[in-house]
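Just below is one structure, and these are the notes that go with it.
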Amino acid sequence: MIRFASSLFARPALFIYAGIGITLATTGVTVASLYEMRLDAMAQARDAAQNLTISLQKEIERNLDIYQLAMCDAARSIETPGIAGLPPEVRQLVAFSTATNAKELGALFATDATGKLVLDSRSTQPRKLSVSDRDYFQIQRQQKNAGLYISAPFLPYAAGPRLPQIALSRRLEDRNGQFTGIVAGTLRLGYFRQLFEDSILGRHDTITLLRTDGTVLMRLPFHAGDIGKSLAGGHSFPPLVQSAHGTFVDIAVLDHIERLYSFRRIGSYPLVVVVGFATDDIFAGWRKRAMALGVVSVILDVLLILLSLMFSRQLRKRLAMERRLKRLAWFDSLTGLPNRVQLQKEAFRILTNANRNASTFAVLFIDLDRFKRVNDTQGHAAGDEVLSEIARRLQNQIQTEDVIGRLGGDEFLAILQDCDVLKATHVAGRILQAVYQPILINSKQDTRITISASIGIALSPHDGEETDILLRNADLAMYQAKSAGRNQVRFYAPAFERQAKEQLELEIALQRALRSNGLSVAYQPKVDATGVLRGVEALVRWDDAGQSSIAPDRFIAIAEESGLIVEIDAWVMGEACRQLAEWRAEGLDVPNMSVNVCAADFKRPDYPGFITQTLQSHGLVAADLTLEMTERVLFDESVDDIRKSLDAIHRLGIALSIDDFGTGYSSLSYLHRFAVKELKIDRSFVQGIGNDEMAESLAQSLIHIGKILKLTVTAEGVETPAQRDFLGRHGCHLYQGFLFSRPLAPRDFARWVRAHRLCPSSGDAHAQALQLGTTLA
């Protein structure tokens, strides 16, 4: 060993050769590693570009399919015999009944053979313009088999901001095959721009939407001058339109930047979406590593081991980052459960296996009840803790081969393989029990909360043979569970879908009635024990196109759920105040107007100001108005915001009344906390007087509560003298009901007041008032 060492030190060239050898070896390893890293960077960029392309292709194709379906429905309606004889409103409704899902993309219309509009989704009377000069009209007129044609970009005729659009058109023919016009739809190019801008791109990355003839329809980064340009001259263009999808590296025609491009055909449409990642950006990180490793390898070759360790550490960081990104892409960051994207993949896999094996599976849509209350009262940190605990409990209730994931917010989805009705019921029951157990959110203060869930179940293939349909049906069943009182399980039934459709149709009709003055206000007197008028209540009514009256309980519930209730209440408030001012101008002595309000009204930050402005605009004062609200308003999840509005309204001098008292939460604490001046006994208690001792006792108790708290007590639904006399004996102050008058139209109410003013203040006055009110009704 000593001799070998001595001979080595005696031959310095060996150190040079050894150094060269080590340098060549380490350089070779470094070069090979850098080459692999370059390939890896390109592969990752290719995968990212392909994934983004697929995502955009699916989103665009889905919306174009919706748009084309609406066009087909419009075309079929035009070809339907007798459609021309229908009123314009009906024609528009029939022709564009499915256009609701596509209205955010543009407008649908149909033309005659000259290009003039005969149907327009924007108005019942088509706009007076002709599209005969547009290419999408010319193509359809000249080419019998043009099919679905997508136009070049153009500017609309309308005045104002003129943003580029394209149009989709189809040819219309008569029975002899003669051209009769087109059905078409404009599509805002801004839609594609907004869709593209939602994608995460680098500074030099691009997204381009092309027609297959090379015309640029949209490009990001957006430059107005790029729209309408042709890329057909580039050498990469032929394979771009001849293949359904692919990737390539090329220098862009528009800005001369080299990019990795991934393209994909948009279904059967003559469109191609192209995603481009700049190669400079793709290899930017790789170049930095290459330079650093090269410098270190040349200058500090003797530290090869250290360099190798540093490289491996960098590699481990990169792999860890890749795993983290993959987990973020497929799993929920809060609960660790599969996210919506992963759930869709799992659902498709399970559906494929079920079809192959002729087996069934169940989809459970799980929604936490009133979870917003947790965030509002305990904070979002506590809400996240609750969601994490709920996720852990849900995982414990399913088997290994089943899937549980988080759709988002407080919604979860479970997919149970080889599952029938009994198994689904059993698992859902276990989930309800597990969720309902108290959750510790603050160990120091021993704070626990209890939350429930509503579960909707859809079974495959009985309730659907596609994942989207099963998910939708499970969602409908979940809403039925919530409507049944929450903490319930409901299986999907076709009736749920019909109910949802009917409710949507009624909501649309209600919105139309609100816009077209289809609602009205009826007025019911509030009298004292002697029959003297002490006030009037404004009640909204809806007659559907003169065909039938729709019960207030029904359409008001829909208005509350859809958010229309705020607009309806504001309209009723203005109409009632206007009517009160008009009556007084006519010499009628109407002491006070009561108007019903809901929780959503009080959540408006400007609501006290709105009431003040409404009163002032009609020459009224605060004492002329009473706001009636149900007990549940005071137990809303946003009770703090409601309390602020109530306090502000009370300071204005406006009286507050609790409607239907005794049927809701019936907590006496809020009567003390809020400035309530009136209690209204619900008609369900009044109707039992005379034949139900329990109803009589409850009515007497409610009157006694009002007396103790020094509140005015008003009884609703008084129909018989016996009911009036019983209530009067126990101290009831005011009365409403058919015994005195039904709700009346404004003119009939004025007649009632004038006639009632002539009646003596005796027992006969009640009979006379009843007779008059019934006649007017």
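Mind checking which pairs have a first residue in the stretch 110-122 that is assigned by TED's automatic domain parsing to the domain that holds Phe137 and over 14 Å from Met71 (Cα atoms) and a second that is modelled with pLDDT under 85 and among the β-branched types (Val, Ile, Thr), Cβ under 6 Å, 6 or more apart or different chains?
Asp112/Val118
So that you can scan it fast, the table gives a plain yes or no per residue for (1) surrounded by fewer than 16 Cβ atoms within 10 Å (Cβ to Cβ); (2) assigned to a strand (DSSP E or B); (3) in contact with an Asp or Glu (Cβ under 7 Å, 6 or more places away or on another chain); (4) modelled with pLDDT of 80 or more:
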| position | (1), (2), (3), (4) |
| --- | --- |
| Arg472 | no, no, no, yes |
| Ala477 | no, no, no, yes |
| Leu514 | no, no, yes, no |
| Asn517 | yes, no, no, yes |
| Pro525 | no, yes, no, yes |
| Gly546 | yes, no, no, no |
| Asp553 | yes, no, no, no |
| Glu575 | no, no, no, yes |
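Only residues that are buried (at least 18 other Cβ atoms within 10 Å of the Cβ), at pLDDT below 75 and touching a helix residue (DSSP H, G or I) at 6+ places or on another chain (Cβ under 7 Å): list them for the stretch 80-116, please.
Residues satisfying the conditions are Arg91, Ala95, Phe96, Ala99, Ala102, Leu105.
So which residues in the stretch 382-402 are at pLDDT below 90 and aliphatic (A, V, I, L, M)?
Residues satisfying the conditions are Ala382, Ile398.
When residues of the stretch 179-218 are filtered for being farther than 24 Å from Met71 by Cβ and not hydrophobic (A, V, I, L, M, F, W, C), how many remain?
10
Does Ala699 satisfy being touching a Phe, Trp or Tyr at 6+ places or on another chain (Cβ under 6 Å), under 19 Å from Ser657 (Cα atoms) and assigned to a helix (DSSP H, G or I)?
Here the answer is yes, as Ala699 does meet what is asked.
Applying the selection to the stretch 448-478, what residues are of a type outside the set (Asp, Glu) and without any contact (Cβ under 8 Å) to a residue 24 or more places away in the chain?
First, the residues of the stretch 448-478 that are of a type outside the set (Asp, Glu): 448-462, 464, 467, 469-474, 476-478.
Arg448, Thr450, Gly464, Ile469, Arg472, listed by residue number.
When the residues of the stretch 577-633 are filtered to those that are hydrophobic (A, V, I, L, M, F, W, C) and assigned to a loop (DSSP other than H, G, I, E, B), which remaining residue is farthest from Phe749 (Cα to Cα)?
Filtering the stretch 577-633 for residues that are hydrophobic (A, V, I, L, M, F, W, C) and assigned to a loop (DSSP other than H, G, I, E, B), the one farthest from Phe749 (Cα to Cα) comes out as Cys598.
Give me the strands (runs of 3 or more DSSP E) completely within the stretch 234-284, filtered to those with at least 2 residues that are surrounded by fewer than 21 Cβ atoms within 10 Å (Cβ to Cβ), in contact with a Phe, Trp or Tyr (Cβ under 9 Å, 6 or more places away or on another chain) and at pLDDT 85 or above, ordered by residue number.
The qualifying strands (runs of 3 or more DSSP E) are 245-251.
So which residues in the stretch 370-408 are assigned to a helix (DSSP H, G or I), among the β-branched types (Val, Ile, Thr) and within 23 Å of Leu328 (Cα to Cα)?
Correct list: Val386, Ile390.
Yes/no matrix, rows are residues, columns are (1) under 27 Å from the mean Cα position of the chain (by Cα); (2) in a helix (DSSP H, G or I); (3) exposed (fewer than 15 other Cβ atoms within 10 Å of the Cβ):
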residue: Leu172; (1), (2), (3): no, no, no
residue: Val183; (1), (2), (3): no, no, no
residue: Leu187; (1), (2), (3): yes, no, no
residue: Arg203; (1), (2), (3): no, no, yes
residue: Leu209; (1), (2), (3): no, no, no
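Here are some residues: Ile449, Ile441. Which one is modelled with pLDDT under 90 and in contact with a helix residue (DSSP H, G or I) (Cβ under 6 Å, 6 or more places away or on another chain)?
The unique qualifying residue is Ile441.
What number of residues within the stretch 713-735 satisfy the criterion of being within 14 Å of Leu698 (Cα to Cα) and of a type in the set (Phe, Trp, Tyr)?
So the answer is 1.
Here are the criteria: (1) within 20 Å of Glu59 (Cα to Cα); (2) modelled with pLDDT under 85. Tell me which single one Gly160 does not satisfy.
Gly160 satisfies all of (1) within 20 Å of Glu59 (Cα to Cα); (2) modelled with pLDDT under 85 except (1).
Give me the pairs, please: first residue somewhere in the stretch 479-491 and in contact (Cβ under 8 Å) with a residue 12 or more places away in the chain, second residue anywhere and of a type in the set (Asp, Glu), beta-carbon distance under 8 Å, and either six or more positions apart or on two chains.
As it stands, the answer is Lys482/Asp367; Lys482/Asp369; Arg486/Asp369; Asn487/Asp369, since those pairs meet every condition given.
Considering every residue within the stretch 706-713, establish whether at least one is at pLDDT 90 or above, of a type in the set (Ser, Thr, Tyr) and either within 23 Å of Ser741 (Cβ to Cβ) or not assigned by TED's automatic domain parsing to the domain that holds Cys598 (or both).
yes
Given the criteria loosely packed, with under 15 Cβ neighbours inside 10 Å and more than 30 Å from the chain's Cα centre (by Cα), does Gly587 qualify? Let's see the steps before the verdict.
Numbers: loosely packed, with under 15 Cβ neighbours inside 10 Å: yes; more than 30 Å from the chain's Cα centre (by Cα): yes.
Considered against the rule, which asks whether it is loosely packed, with under 15 Cβ neighbours inside 10 Å and more than 30 Å from the chain's Cα centre (by Cα), Gly587 comes out as yes.
In the stretch 62-79, what residues are β-branched (Val, Ile, Thr) and modelled with pLDDT of 80 or more? Step through it out loud before you land on a result.
First, pick out the residues of the stretch 62-79 that are β-branched (Val, Ile, Thr): 66, 78.
Answer for the stretch 62-79, where residues must be β-branched (Val, Ile, Thr) and modelled with pLDDT of 80 or more: just Ile66.
The values are calculated or read from the model by the stated rules, or taken from the named source; none is laboratory data. Values in this document were obtained by computation on a predicted structure and should not be read as measured data. Backbone-built Cβ (ideal geometry, glycine too); neighbour counts: all protein chains shown.
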